[in-house]
1. State all residues of the range 202-228 that are part of a loop (DSSP other than H, G, I, E, B) and either at positive phi or free of Cβ contacts under 8 Å to residues at least 40 places away in the same chain (or both); if no residue qualifies, say none.
2. Any idea which residue in the range 56-67 is nearest to residue 102 (Cα to Cα), counting only those that are surrounded by 14 or more Cβ atoms within 10 Å (Cβ to Cβ) and within 26 Å of the chain's Cα centre (by Cα)?
3. Right, residue 141: under 29 Å from residue 319 (Cβ atoms), surrounded by 15 or more Cβ atoms within 10 Å (Cβ to Cβ) and without any contact (Cβ under 8 Å) to a residue 60 or more places away in the chain or not?
4. Within the range 206-231, which residues are within 18 Å of residue 293 (Cα to Cα) and either surrounded by 12 or more Cβ atoms within 10 Å (Cβ to Cβ) or touching a strand residue (DSSP E or B) at 6+ places or on another chain (Cβ under 6 Å) (or both)?
5. Do we have residue 38 as modelled with pLDDT under 90 and either assigned by TED's automatic domain parsing to the domain that holds residue 155 or within 23 Å of the chain's Cα centre (by Cα) (or both) here?
6. So residue 186 fits all but one of (1) in contact (Cβ under 8 Å) with a residue 60 or more places away in the chain; (2) within 16 Å of residue 282 (Cβ to Cβ); what number is the exception?
7. Going residue by residue through the range 87-99, is there one that turns out to be crowded, with 22+ Cβ neighbours inside 10 Å, at pLDDT 90 or above, outside the structural domain of residue 237 (by TED's automatic domain parsing) and not in a loop (DSSP other than H, G, I, E, B)?
8. Hey, does the range 210-221 have a residue that's closer than 29 Å to residue 138 by Cα and touching a helix residue (DSSP H, G or I) at 6+ places or on another chain (Cβ under 8 Å)?
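The values are calculated or read from the model by the stated rules, or taken from the named source; none is laboratory data. The structure displayed is predicted, hence computed values, not measured ones. Counting neighbours? That spans all protein chains shown, and the Cβs are built from the backbone with ideal geometry, glycine included.
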C-alpha cells in the first residue's frame, strides 16, 4: 500500500525510493502506516542498465547538493543502483534509522525535481535500513558506512502507460541505533479491551474478548509508558507494530517483516495520527480504530480492502524526530 506523503521535497524523494520495490495497491490518501505488500522480485539490471547509471557524473563535493550530469533521456529496464563513494563513518546496520540528504532528477529531460538540501530547509530525511520495501537500497548500503553516496535509477510507469526513469542521488549523513521494542513502565489497561501478550522478543499477539463490540470512537490505551520525549503529530516516528482486523486476522506487521518502519504522522490514517500524538517515545500503545478514522466506510467509490473495518494495532514507538 502507498504512503500518503506531504508535499515537500524529502517526501517526494523518499516516495521515489520506497516505490522502488514495494507493490503499489493502495488508495489515495490516508493509507497504512507502512507498505503492507511484500516487495516484488525485481529483475536484475542488464548490462545496458548498469552502463547507463555508470555514465552519470556526480558533480560536487560530499556534504552539499551535487549536480547530476547525464545524457537525457536516461532509461533503465529495472531498478538499478550504484555506490558512487563509500563513507568513512560507522558501518551501517539493519534496523538503524538512516538519515540521508536526497536530490531527484527526471531522467527523461534531465530536470531537477526535488531536494532535501534546499526545499526541505536543509533537513535530511530518514528511513529504516533493512525495511523490505526498500529492496535494492538495502543491498547497495549493506556493506557501506556513514557518508556513503549512492545513485538509484527507477523506471516508473505513469497512468498513461508511459515509462519515465527517476534518477535519485542520496548521501547518508547519520545512522542511529534505536531500541528494538518498547521500554518503560507497564500500565494496567481498561477492562474489556483486547488483551495483548508479548513473546520473548516483544512481538505482540492479541486475544479479543468474546462479544467485543467495535467502538464508535478511537481507543488509544497506553500499555507501556516510555520515558522519552512527547511525540508531536508533525514528527516522523520509527515504530514496530502489528495490525489486526476485528476477527483477529493479521493484515500488516513490521514484526513479520523483521524491521521497524519510519514514517511521518501526517502520512498515515487519522487513527494513528490522533492516537500516537501525545504519547512518549518508548511507549507501547493499543489502538482500536473505527472505520471513519481508518479507511472509511465501504462504498462504490471506496473499494479499499480495509474499508468498513475496525482495526486494532499494537504500536511500539521506538524513536521520533
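1. 202, 209, 210, 211, 212, 213
2. Out of the qualifying residues, it is 65.
3. yes
4. Passing the criteria: 214, 215, 218, 219, 220, 221.
5. Yes.
6. (1)
7. yes
8. Looking through the range 210-221, none of the residues is closer than 29 Å to residue 138 by Cα and touching a helix residue (DSSP H, G or I) at 6+ places or on another chain (Cβ under 8 Å).
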